[in-house]
Amino acid sequence: MKTLVIVESPSKAKTIEKYLGKEYHVISSKGHIRDLPPDELGVDIEAAFEPKFTLMRGKEKVVQQIKKEAENKAVLLASDMDREGEAIAWHLSKILSLDDQATNRVLFSEITEKAIKTAVKKPLKIDLSKVEAQFARRILDRLVGYQISPFLWKIIQVKSLSAGRVQSVALRFICDQEEKILTFIPEEYWKFKALFKCNKGKGTLETTLVSLDGVSLEKQPVRKAEEAEKIEEGVRQSSFSVMSVDEKSISRKPPAPFITSSLQQEASNRLGFSVSRTMKVAQELYEGLETADGPLAFITYMRTDSNRISEEALEAAKRYITEHFGESYSKIQQYGQKKASTQDAHEAIRPTYPEIDPKKASKLLSADQAKIYQLIWSRFMGSQMIPAKYLQTKIKVQDNEKRRFIFEAEGSVCVEEGFEKVYPASSKEKELPTVPATGTPVALDHFEKSQNYTTPPARFGEASLVKKLEKEGIGRPSTYASIIHTLLERSYVYREQKSLVPTFLGMVVNHFMCDFFPKIIQSKFTASMEENLDRVEDGQENWKEAIKRFYSDFEPTLEKLKEKILSKSLNWQFPTNLPCKEEESHALVLKMGRYGPYLRCEACEKNYSISENAKILFKPNKAEIYGNTALEKSKEAVAVGRPCPKCGANLVERQGRFGKFIACSNYPKCKYTENIDQTVSAKCPKCGAEVLQKKSKRGRIFFTCKNSAYNGGTCDFISWYEPTEEKCDRCGQALYVKKGRNGEEKTFCLTCDRNPKSEQKKTK
């Protein structure tokens, strides 16, 4: 009798089945199969927060296949080894009616033949504490998201908005940083550089003025031009000599091998990869690729916060380092954990086979895969090597008479590469070309002063946001990619080069959360909840009790806000600093309308839209709006030549949040509207009528028949993909267009899943 092994990923299934042989059949669950229902809360608050799990949409065929394959077979559950993976295993056991106490859980941190076969021989019980920790996180996120989001919809009136327990804290970090930038007042300061000739004119020394009259310029900078002029005059009138030469040897220790968060940060800093791009590529390397020699997994599990390395991997690293660099370069070591909550069941992220160096791997990998693999391999191999050693030199030059000016030059020379032979520093050390002896006279060759201004704090990029979230204990490394994705998808932030910049809408949503749910977005409160989840996973706390404590604080806030809305006592609007263009004596008021925030003059009843990139500062009873394009008058209406069926006024074409629409010119007294639908060239695959392109409430494009139930007809055609007039040569059904990354379009068949490469084309 064959044994059925169930994993998460289809590509992983192929690799593992080849390792296990004919006695085993490996299939994939394709991720989660059950979750809380999408169209309701799904948590029975009165029944101690009991979750209501249902089969996920689109997973019916997968579950049918799993049940069929499991008939008359022993079943092993080999999902990933984190909380999510443990929960997937538990849900699979419930679907298949397996014994809760059965030893059918298979765990491995790397997809190698040895690791897989060892894990299969020693199955464990499902870790219910880890499952309950995942339940608790999912329920907490659902309680916050599903109960706050409706208030956002009612007050800000944008249906695509959402709030989240971790997401909202991340947004607050970004918005708080933007507020610091907006309120920043630059201060003038001056810098002074001097070039000295030394060693009888054969060498030069580039220096910076660091001290004036015994006071450090770092602590007390020069602020005025007049003072800078006096300094220049004094320097040019003085003679100088070397005050001191300090040389010392310093060691730079190798960094620890990667954990999830450090990989995300380093890939962003060194490669310019987004967090989601990094995790996608790392997942591919972990699951394995087909090679001429069979399936090959390149790295260990990439969702981990442990620095631990297996003894086998340490020995492999030692062999490689000794063979390629010499035994003197090897320093095998384990790295300590940063915090008690670290899950040491995992290993650090490392190459599965250290002997496969980046040069060998590059022949088997795509460009992105090769870059990430080189980063992981180099970091791991470097962590098992000796420190890099530098000779650091600091030279001070002082005027001979009054001893007013101290100039300094600093540099270093690498005397032993150590780990930097494989993992070079991201910044180059400055080497001093000339090192004169103490007391050596030096001649001023060049002097320059420069006026500077202090700069505001930098915006968060993906790497710095991940670092901030990790430092504050917000979320977990495996969730950072989805947090950033949600902020971008909801249009709360946008990318500007490598920075994450809050949109106007994002800043309004953040103020809503600060105004009504201040505790939820406190970093310490959210971090304490993460610690509670860790205690649940460790079996130290009951998951329902942890949720109960949270909800006892959360529920009263919800009820107060609900009462205000029901009593219509909540009037969430703000006078602004912007005058009306028609009535300049009247300030515009920030209001919330059917398409989100807008500006209105109560005197002349003119409305203004707000640029997405405008910035806003909320102050007591006032909102200050900034930005050159902050104020945009509503688009000029275009007459359509028909009267309004409701009031008889002229109908006009306007531009709204979801595109063009027709409205009454007598708005806001008459609020009649109708849609303008864009047609596509292809006809409906089911009834032959026109196909309309529409936008969902979240701004996603979809396609529907003109005669569909969506438009009041009977045809049931609706699709996320645009139909074409081409037919599939296999089944005769219509082909559809799918747009991928980099502007790539692919035609495919929904019926038989045909995706011919010959029909792929690149859009301009």
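Below, the figures for the structure above:
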| read-out | value |
| --- | --- |
| Taking all pairs of distinct alpha-carbon atoms in the range 261-383, Kirkwood radius in angstrom | 15.0 Å |
| Partner aspartates and glutamates for Lys280 [C-alpha distance under 16 Å; skip if fewer than 8 residues away on the same chain] | Glu8, Asp80, Glu266, Asp368, Glu462 |
| Cross-link pairs Lys371/Lys421; Lys224/Lys396; Lys564/Lys694; Lys67/Lys727; Lys591/Lys660; Lys2/Lys114 - those with Cα-Cα distance over 28 Å | Lys564/Lys694; Lys67/Lys727 |
| Within-13-Å neighbourhood charge of Gly58 [Cβ basis; K, R +1; D, E -1] | +3 |
| Over 14 Å [Cα-Cα, the range 93-132], rounded percent | 53 percent |
| Around Phe240: net Lys/Arg minus Asp/Glu count, Cβ-Cβ under 13 Å | +2 |
| Mean Cβ count within 10 Å, highest first, over the residues of peptides 388-394, 424-430 | 388-394, 424-430 |
| Under Karplus coefficients 6.51, -1.76 and 1.60, residue-wise ³J(HN,Hα) of the range 416-429 in Hz, glycine/proline x | 8, 4, x, 5, 5, 5, 10, 10, x, 5, 6, 10, 7, 7 |
| Cα-based Kirkwood hydrodynamic radius, the range 484-562, one decimal, Å | 14.8 Å |
| Overall dimensions of the chain by Cα: Rg and Dmax, Å | 32.1, 98 |
| HN-Hα J in Hz across the range 39-45 - Karplus 6.51, -1.76, 1.60, θ = phi - 60°, x for Gly and Pro | 9, 7, 4, x, 10, 8, 5 |
| CD proxy at 222 nm, helix term only [per DSSP H run n ≥ 4: -39500 (n - 2.57); per residue of the chain; nearest 500] | -9500 deg cm²/dmol |
| Inverse of mean 1/r across different Cα pairs in the range 574-633, Kirkwood, Å | 11.4 Å |
| Order by protection proxy (mean Cβ within 10 Å, highest first), peptides 506-513, 257-264, 49-56 | 257-264, 506-513, 49-56 |
| Separation between Cα centres of the range 541-559 and the range 146-197, rounded to whole Å | 28 Å |
| Given charges at beta-carbon only (K, R positive; D, E negative), |dipole| of the chain in Debye | 1680 debye |
| For the range 378-438 versus the range 492-514, the gap between their alpha-carbon centres in whole angstrom | 41 Å |
| Formal net charge of residues neighbouring Thr714 (Cβ-Cβ distance under 14 Å; K, R +1; D, E -1) | +1 |
| Rounded, prolate or oblate (a/c below 1.5 giving rounded, otherwise prolate when a/b exceeds b/c) for the range 400-539 by Cα gyration tensor | prolate |
| Span from the the range 9-25 Cα centroid across to the the range 660-689 one, whole angstrom | 52 Å |
| Selection from Leu107, Thr486, Leu182, by position along the positive dipole direction of the chain (Cβ) | Thr486 |
| Evaluated at q = 0.13, 0.15, 0.21 Å⁻¹: base-10 log I(q)/I(0), Debye formula over Cα of the range 3-126 | -0.52, -0.68, -1.23 |
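Taken together, the values in this text are just the output of simple stated rules run on the coordinates, not laboratory data. On a predicted model such as this, the values are computed, not experimentally measured, just so you know. Quick reminder, even Gly has a Cβ in these numbers, built from the backbone with ideal geometry, and neighbours come from all protein chains shown.
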